[in-house]
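Just so you know, all these numbers are worked out from the coordinates, no wet-lab data involved. These figures come from a predicted structure and were not determined experimentally. No Cβ is skipped: glycine too gets one built from the backbone with ideal geometry, and neighbour counts run over all protein chains shown.
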Amino acid sequence: MAEKLKILIDTDPGLGARNTDVDDGIAILLALASPELEVAGVTTVGGNVPRDIGSLNILRLLRRIGRKDIPFAPGSAEPVGGVDTKLEDKWRGVEVPSPTEEEKEALLRIKAGNGTAVDFILRSIEAFGDGLTLVALGPLTNLGLAAAQAPELFGRVRQIVIMGGSARSGNVSATAEFNLWCDPEAADVVFRSGIQVVMFGLDITTRIEVVPQVIAGWSEAGGFLRFLQEASVDYMHFRSQRYGRKHPFMYYHDAMPVAWLADPLLFDTVPCWVDVEKTGRYTRGMTVVDQDGRFHGGSTPHRLASEIRSEAFQELLLGRIQDTYRGID
Ligand code: RIB
Ligand code: CA
């Protein structure tokens, strides 16, 4: 087998809390179930949930699946653009069991040992250089801060793969996708860092609507898979009520960049230039995607995921999760 691809996942994990997105957790589970990938570490960022809840969710998830070997570091700061009232609204509905004293101590030890997300990202690049791929599944705050703090070192990373942005319409406004909208300043730094960004935007991540029936099989397995199934269906119902959808469903969003890294044949990507709008009254957080660089002298430093083999993608995702985590309580 070819050498494993070393990845660092930066994420805003809601799984483990109610009334927030579970796709980061599913993406992390897929990464850890993929023999093509080696997860060098995880960093958390505020987004679906405040960064401290994200860190608590990661601590609990890794412990539950027996992967305490995966190092993680907590988010460095809230989004550079500042915590917006929309974000506070999103967080208001989140429910999560409070940390126990032992969990609080464990998180303290982890922060003391691994430093902040930016420290961890830069140390990982120092250690693995162009052997490391950064996978960003939430706002780009940590990556933007790392690139701004040590541009030379950051420039050694192999590639950046993100779930974020959109070449067409948004999901927090008519123009902006949530991850980019949370911190456009940081995103702008990342897209201008000189590293290729492979962008899995809403154009591709909303191609598949995941309805409860799709993951019903997880429930029969009991234990952790039943937890995952129930958390996902609970989130689907929450979404349909909050956003007035006709039926409960969700998107896999964050699982797609991870699946592409495991099997690039699942997707097509096209070359592009990307600008991030930071100031527009109606367009702040918008990714302005210039396919083929038509308006930038043909310059296409980045790539946009453009097509998906949906059946094969779902088979890989559902199959690997079922096979790997069946029997975990
Ligand atoms: O817009 C989709 C993105 O926002 C996903 O990363 C999801 O987890 C939420 O963070
Ligand atoms: Ca996310």
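Placing +1 on the Cβ of each Lys and Arg and -1 on the Cβ of each Asp and Glu in the chain, which of 197, 184, 133 has its Cα farthest towards the positive end of the resulting dipole?
184
Over all pairs of distinct alpha carbons, what does the Kirkwood formula give as the hydrodynamic radius of region 1-119, in Å?
14.7
Near residue 224, within a Cβ-to-Cβ distance under 10 Å, what is the net charge of the other residues, with Lys and Arg +1 and Asp and Glu -1?
+2
Which values of log₁₀ I(q)/I(0), to two decimal places, follow from the Debye formula for region 136-197 at q = 0.23 Å⁻¹ with a uniform point scatterer at every Cα?
Log10 I(q)/I(0), no solvent term: -0.88.
With no solvent and one equal point scatterer placed on each C-alpha of region 59-168, evaluate the Debye formula and give log10 I(q)/I(0) for q = 0.13, 0.15, 0.19 Å⁻¹, two decimals.
-0.64, -0.84, -1.23
Just to be sure I understand the curve: with the Debye formula and one point per C-alpha of region 234-298, what is log10 I(q)/I(0) at q = 0.14, 0.19 Å⁻¹?
-0.77, -0.97
Assuming 0.36 nm per residue, please report the length gained on full extension of the stretch residue 123 to residue 270 beyond their Cα-Cα distance.
49.8 nm
Determine, for 169, 124, the number of other Cβ atoms within 10 Å of each Cβ, and report the residues in order from fewest to most.
By the 10 Å Cβ count, ascending, the order reads 169, 124.
So if I place +1 on the C-beta of Lys and Arg and -1 on the C-beta of Asp and Glu, and nothing else carries charge, what would the dipole magnitude of the chain be about its Cα centre? I want it in debye, nearest 20.
300
Mean residue ellipticity at 222 nm from the helices of the chain, using -39,500 (n - 2.57) per DSSP H segment of n ≥ 4 over the full residue count, to the nearest 500 deg cm²/dmol?
Taking each H run of at least 4 residues, the total per residue is -12000 deg cm²/dmol.
Can you quote the Å³ per residue value for the convex hull of the Cα atoms in region 87-141, rounded to an integer?
Per-residue hull volume (Cα only) is 122 Å³.
If we count every other residue with Cβ under 11 angstrom of residue 74's Cβ, Lys/Arg +1 and Asp/Glu -1, where does the sum land?
Computed value for this residue: 0.
Could you give the distance between the Cα centres of region 60-76 and region 193-226, to the whole Å?
Their Cα centres are 20 Å away from one another.
Provide 296, 247, 253, 302 in ascending order of the number of other Cβ atoms located within 10 Å of each residue's Cβ, fewest first.
247, 296, 302, 253
Using just the Cα positions, wrap region 126-249 in a convex hull and report its mean projected area in square nanometres, one decimal place.
Result: a mean projected hull area of 9.6 nm².
Over the chain, what is the relative contact order in whole percent, taking alpha-carbon pairs under 8 Å and six or more residues apart?
19
Starting from the eigenvalues of the Cα gyration tensor, five times each then square-rooted, give me the equivalent ellipsoid semi-axes of the chain, largest first, whole Å.
For the chain, the ellipsoid semi-axes come out as 27, 23, 21 Å.
Quick one: Karplus J couplings for region 280-294, per residue in order, coefficients 6.51, -1.76, 1.60, θ = phi - 60°, nearest Hz, x for Gly and Pro?
Whole-Hz 3J(HN,Hα) from phi for region 280-294: x, 4, 10, 10, 4, x, 6, 9, 9, 9, 9, 5, 6, x, 4.
For the chain, list the DSSP H helices whose alpha carbon atoms reach 15 Å or more along the long axis and whose average Kyte-Doolittle value is -1.0 or above?
In the chain, the long hydrophobic H runs are 51-64, 117-128, 223-242, 310-325.
List, largest first, the extents of the alpha carbons of region 206-329 along their principal axes, each in whole Å.
55, 34, 22
Can you compute the radius of gyration and Dmax for region 274-319, using only the Cα atoms, both in Å?
Using the Cα atoms of region 274-319, the pair Rg, Dmax is 15.7, 44 Å.
With the dipole of region 219-329 worked out from charges on the C-beta (+1 for Lys and Arg, -1 for Asp and Glu) around the Cα centre, which of 227, 269, 247 lies farthest toward the positive end?
Sorting the options by dipole projection puts first 247.
If we count other beta carbons within 10 Å of each Cβ, what is the order of 284, 207, 51, fewest first?
207, 284, 51
Work out the charge dipole of region 1-74 with +1 on the Cβ of Lys and Arg and -1 on the Cβ of Asp and Glu about the Cα centre, then indicate which of 27, 61, 43 is farthest towards its positive end.
Positive-end residue among those listed: 61.
In nm, what is the difference between 0.36 nm times the number of residues separating residue 312 and residue 221 and their Cα-Cα distance?
Taking 0.36 nm per residue and subtracting the Cα distance, the gain is 30.5 nm.
What FRET efficiency comes out for the pair residue 209/residue 18, r = Cβ-Cβ distance, R0 = 25 Å, nearest 0.05?
0.75
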